[in-house]
Amino acid sequence: MRTLVFGARLLVPMDDAHTRLEDGWVLVEDDRIDHVGAGTVPLGVKIDRKIDARGKVMLPGLVNTHHHLPQVLTRNVPRVQEAPLFRWLTELYDVWRGFDQPAIDAAARVGLGELLLTGCTTTTDHLYLFPGGQERFIDVEIAAAADLGIRFHPTRGSMSRGQSQGGLPPDDICQDEETILADSRRLIAEYHDPRPRAMTRIALAPCAPFSVSEDLMRRTAEMAREHGVRLHTHLAETHDEDTYCAEVYGCRPTELLRRWGWLGRDVWLAHCVCLNDEEIALFGETGTGVAHCPSSNFRLGSGIAPVRAMLDAGVPVGLGVDGSASNDSSNMLAEARQALLAHRVGQDPERWITAEEVLWMATRGGARCLGRDDVGSLEPGKAADLILVDTRRLSYAGASSDLLAALVFSPFPAPVDLAMVNGKVVVEDGELVGVDVPRLVERTNAISEDLLRAAGRSTGKDYFSRY
């Protein structure tokens, strides 16, 4: 199948040359990009399908580097709307312990659908809650991702250190470490696909230093490297974490990971708000990646990650929408705008993050964090993942001097017009292909309300009222 996407008002491949092409076109063969050009398409090329991109900006699909899809079910819960991270977690653990497979399925479909509608074609998810011995939640997410057609990097998260051992989560939502490692091994064997343009890859992701043991962190890293999969966790999200690590381990969170063998080119870490200059330099030297999640960091009052210093040090930086209960959406274009603005307050204008840098993080930076050289740009041989955004809208009127920047400065509050993943159109005319959205929303709302009521009955708390 050869597909020609033609006539783009602006085509930005996000290649090393920072090319911008007017009247751009991309020729797709099956699941990969065959040619990229501008103007007249070469004669004699057999075309099976044409997609008209006139009036639109064409970009590679965006890459989301951090998420917690099940949190869709606890968005903007009144009780935690003003809660900082640790209180937010301890309040919501009581709701999350009610998750089951139908809940995970609904949440995954909503979150992944939102990502597709806002230009994301490759995403990860960090799922670390398996209450009551339910160990097939990631299988449910993988099935939902396959149905929607998004490229998926689920991470097998874990919590093994509950409150009785000095950890943050309740004991009953933690798992023993042999169970965690056995399921990690199973997921790699059943789902991890190392081939180019793979649709599913697995990573291993203990939750955070305050919810797992040193032994689990070390054994997880050994397993990941034995099987050639990547490592992910939260790090340095708040100063509370600094205090916790100092009291429990006698060092800062980054030093803890260094001791445990958790820095390197096969590791990417979420947040990294509280890094000092030496730690940033260490990340650059080791090639350790960072998922920058500005909306979540603002929402929970955590702070602003030192992204300019990270970029200057050569740290791989991608964007992450983070969990839908700390963002409270899965909107990649909104996250890009937030990243643009986050680094301007109180900063030297010479060191502000630019719109093009933000989009680079959302594409090439994210691909680098996930260890992918086959997504994140529109170049021959790479995966056929692309998006189209129509600029013939009110929000883009007067912005024609730099249409690429307009996608970040002036994003229209509407879906992208088209998203293609692996050569297949999954968003068309701003709608998810093959998804009954009203029915999905109704099902998800019912599950969410049931979870909150059940948590209220077991704890005596009212989750429908403010704290």
task: Output yes when any residue across the range 308-328 is out of contact with any Pro (no Cβ under 7 Å at 6 or more places or on another chain), surrounded by fewer than 19 Cβ atoms within 10 Å (Cβ to Cβ) and among the polar types (S, T, N, Q), and no when none is.
output: no
message: I'd like to know if the range 139-154 contains one or more residues that are within 16 Å of Gly323 (Cα to Cα), touching a strand residue (DSSP E or B) at 6+ places or on another chain (Cβ under 7 Å), basic (Lys, Arg) and modelled with pLDDT of 95 or more.
response: no
- line: When every residue in the range 160-200 that is among the hydrophobic types (A, V, I, L, M, F, W, C) and at pLDDT below 95 is compared, the one least open to solvent (accessible area, probe 1.4 Å) is Ile173
- prompt: Residue check: is His35 in contact with a His (Cβ under 8 Å, 6 or more places away or on another chain) and at negative phi?
  reply: no
query: Give me the pairs: first residue in the range 315-336 and in contact (Cβ under 8 Å) with a residue 24 or more places away in the chain, second residue basic (Lys, Arg) and outside any loop (DSSP other than H, G, I, E, B), beta-carbon distance under 7 Å, and six or more apart or on different chains, which are they?
result: Pro316/Arg368; Ser326/Arg299; Asn327/Arg299
- prompt: Scanning the range 1-18 for residues that are of a type outside the set (Gly, Ala, Ser) and assigned to a loop (DSSP other than H, G, I, E, B), which turns out farthest from the chain's Cα centre (by Cα)?
  reply: Met1
- prompt: Could you say whether any residue in the range 419-437 is hydrophobic (A, V, I, L, M, F, W, C) and more than 20 Å from Pro60 (Cβ to Cβ)?
  reply: yes
- line: Of those in the range 19-71 that are open to solvent by 10 Å² or more (accessible area, probe 1.4 Å), of a type in the set (A, V, I, L, M) and not in a loop (DSSP other than H, G, I, E, B), the residue farthest from Leu117 (Cα to Cα) is Ala38
- prompt: When the residues of the range 165-193 are filtered to those that are of a type in the set (A, V, I, L, M, F, W, C) and free of Cβ contacts under 8 Å to residues at least 60 places away in the same chain, which remaining residue is farthest from Leu89 (Cα to Cα)?
  reply: Ala189
Selected residue (criterion: farthest from Ile188 (Cα to Cα)) from residues of the range 222-250 that are surrounded by 16 or more Cβ atoms within 10 Å (Cβ to Cβ) and among the β-branched types (Val, Ile, Thr): Thr238
Ala205 vs. criteria open to solvent by 10 Å² or more (accessible area, probe 1.4 Å) and not in a loop (DSSP other than H, G, I, E, B): no
query: Within the range 446-456, is even one residue assigned to a helix (DSSP H, G or I), aliphatic (A, V, I, L, M) and surrounded by fewer than 13 Cβ atoms within 10 Å (Cβ to Cβ)?
result: yes
Positions within the range 276-301 being more than 22 Å from Thr123 (Cα to Cα), free of Cβ contacts under 8 Å to residues at least 60 places away in the same chain and either open to solvent by 20 Å² or more (accessible area, probe 1.4 Å) or not aliphatic (A, V, I, L, M) (or both), in sequence order: Asn276, Asp277, Glu278, Glu279, Ala281, Leu282, Phe283, Gly284, Glu285, Thr286
message: Whether any residue in the range 56-66 is among the hydrophobic types (A, V, I, L, M, F, W, C), within 30 Å of Val28 (Cα to Cα), in contact (Cβ under 8 Å) with a residue 40 or more places away in the chain and out of contact with any Lys or Arg (no Cβ under 9 Å at 6 or more places or on another chain) is what I want to check.
response: yes
- request: Would you mind listing the strands (runs of 3 or more DSSP E) fully within the range 385-435 where at least 2 residues are open to solvent by 10 Å² or more (accessible area, probe 1.4 Å) and not polar (S, T, N, Q)?
  value: 424-428
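The values are calculated or read from the model by the stated rules, or taken from the named source; none is laboratory data. As the structure is a computational prediction, the values presented were derived from the model and not from experiment. Note: ideal-geometry Cβ built from the backbone for every residue, glycine included; neighbour counts use all protein chains shown. Note: accessible area is taken over every heavy atom of the protein model, side chains too, but ligands, DNA and RNA are not part of it. Shrake-Rupley method; radii C 1.70, N 1.55, O 1.52, S 1.80 Å.
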